[in-house]
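Before any comments, here is the structure.
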Amino acid sequence: MLKQAIENLGNHTIQGVWRIGFASRFFLSMLLHSGTAFRRFGLTIREMYFTGVLSLIIILVSGLFVGMVLGLQGYETLQRYGSESALGTLVALSLVRELGPVLAGLLFASRAGSAITAEIGLMKATEQLSAMEMMAVDPIARVVAPRFWAGVISMPLLAALFSAMGVLGGYLVGVKLIGVDEGTFWSQMQGAVDFEQDILNGVIKSVVFGIAVTTIALFEGYDAPPTAEGVSGATTRTVVTSSLVVLALDFILTAFMFRGLN
Amino acid sequence: MNKTVLDFWVGLFVIAGIGALLFLALKVGSMSTVNSSDSYEVIADFQNIGGLKPRAPVKSAGVVVGRVADIRFDNEKYEAAVTLRLDKRYAFPKDTSAAIMTSGLLGEQYVGLEAGGDSQKLKDKDRILITQDAVVLENLIGQFLYGKAQEGAPK
């Protein structure tokens, strides 16, 4: 009984360490083979269509609604203290620093990450990857690396669009609907949001999330057992793991970036 | 999917993304973090800076003319040395005075500059000699109470 438990623990540990090692080797070989992704940039552009352009609708709509809700709720609280002029600051800072990169990252993981895992997992299950190897085409260079770079390029753009739409949503609700003064809304926002400290840090965050989410998605797909069950399990794991990783990374990055401020 | 259609959409996506970044940089944030090429620094010593923080605005006549670049403690004078980074477009006389003020009752603190009458202008690394400290609420209340006690004292 006890022996069984210890054996289980040992087995899990070995499996875990093995997976981490495999994932790091996968990540490294992906970086080493990314030459093709840039030399044949058409491949990367094709993937950017699937990961970036097709995620646009959900990113734009969610951004708009998150901004509108922020505007409503922020106003509700701020007007109790007679400082509804700070609404622009509240909406812009929370979007640019946290909500934009994090929510865009979560949406990206569930919209694009799951698709990447399912696609690669199925390619593996139907032995397309082995067929490529037989033809002396490196599947990492031909299939994996373009998807990685497409994700890394798309993610900051999506996060920026999310934040911009959010600010617009906050503006619509705050200024157009509730009637906060337009001048104070923008000027207070511009006074509080700094380009380097806030916007650039948000962009850095979104790049990091892009790297994390696409790497996890690609690895789960590449590592999936070549069965229908295996692929579906890998897709689920992609969404769960990358969401958790995005949240954890966000906490760490925030602690480094914004602790010294204010 | 047709390749040109695909290229077109990705191009549109990239343009929209960069447009959003520009919108954030120009409309939401302020690029006005005056960079060192078109600004000059002056130093002002205060005995008490209250809650002044780096990046706080420097205003003259209510207009933002620069930002607080750095706050250090001068261990020889036991005073706070505040470095102000001012926009090159605005030159101030040598006998300009600096005061730490609060916008509104509970608002953020900023440095207010009041121009003097000297014909010479402040240059890079100059010191502002006339300064006025931040008002500390506790001291004010203390003075007020002290004054009240004096009033009520039997003559």
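In table form, for the structure just shown:
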{"read-out": "Residue within the range A:120-134 that is within 14 Å of chain B (Cβ to nearest Cβ) and of a type in the set (A, V, I, L, M, F, W, C) present", "value": "no"}
{"read-out": "Search result, residues across the range A:22-45 that are at the interface with chain B (Cβ under 9 Å from one of its Cβ atoms) and farther than 19 Å from residue A:113 by Cα", "value": "A:42"}
{"read-out": "Test: residue A:39 is at pLDDT below 90 and charged (D, E, K, R)", "value": "yes"}
{"read-out": "Residue list for the range A:178-218, filter: surrounded by fewer than 24 Cβ atoms within 10 Å (Cβ to Cβ) and under 27 Å from residue A:140 (Cβ atoms)", "value": "A:204, A:207, A:208, A:211, A:212, A:215"}
{"read-out": "Unmet criterion (only one of (1) more than 22 Å from residue A:88 (Cβ to Cβ); (2) at pLDDT 85 or above; (3) out of contact with any helix residue (DSSP H, G or I) (no Cβ under 7 Å at 6 or more places or on another chain)) for residue B:14", "value": "(3)"}
{"read-out": "The range A:70-103, subset β-branched (Val, Ile, Thr) and either surrounded by 15 or more Cβ atoms within 10 Å (Cβ to Cβ) or in contact (Cβ under 8 Å) with a residue 60 or more places away in the chain (or both), residue farthest from residue A:194 (Cα to Cα)", "value": "A:102"}
{"read-out": "Only listed residue being under 21 Å from residue B:51 (Cβ atoms), modelled with pLDDT under 85 and assigned by TED's automatic domain parsing to the domain that holds residue B:64, chosen from B:111, B:135", "value": "B:135"}
{"read-out": "Counted residues, the range B:56-79 - those being basic (Lys, Arg) and surrounded by 13 or more Cβ atoms within 10 Å (Cβ to Cβ)", "value": "2"}
{"read-out": "Boolean, residue B:49 is more than 9 Å from chain A (Cβ to nearest Cβ) and surrounded by 20 or more Cβ atoms within 10 Å (Cβ to Cβ)", "value": "yes"}
{"read-out": "Yes/no for residue A:48 being in contact with a Leu (Cβ under 7 Å, 6 or more places away or on another chain) and either more than 10 Å from chain B (Cβ to nearest Cβ) or surrounded by 15 or more Cβ atoms within 10 Å (Cβ to Cβ) (or both)", "value": "no"}
{"read-out": "Condition met for residue A:4 (away from chain B (no Cβ under 14 Å), surrounded by 13 or more Cβ atoms within 10 Å (Cβ to Cβ) and more than 30 Å from residue A:219 (Cβ to Cβ))", "value": "no"}
{"read-out": "Selection status of residue B:25, small (Gly, Ala, Ser), assigned to a strand (DSSP E or B) and either surrounded by 15 or more Cβ atoms within 10 Å (Cβ to Cβ) or modelled with pLDDT under 90 (or both)", "value": "no"}
{"read-out": "Residues satisfying the stated conditions in the range A:150-206, i.e. within 8 Å of chain B (Cβ to nearest Cβ) and not in a helix (DSSP H, G or I)", "value": "A:193, A:194"}
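The values are calculated or read from the model by the stated rules, or taken from the named source; none is laboratory data. Computed from a prediction, not measured in an experiment: that's the story for all the values here. Don't worry about glycine lacking a Cβ; one is built from the backbone with ideal geometry, like all the others, and counts go over all protein chains shown.
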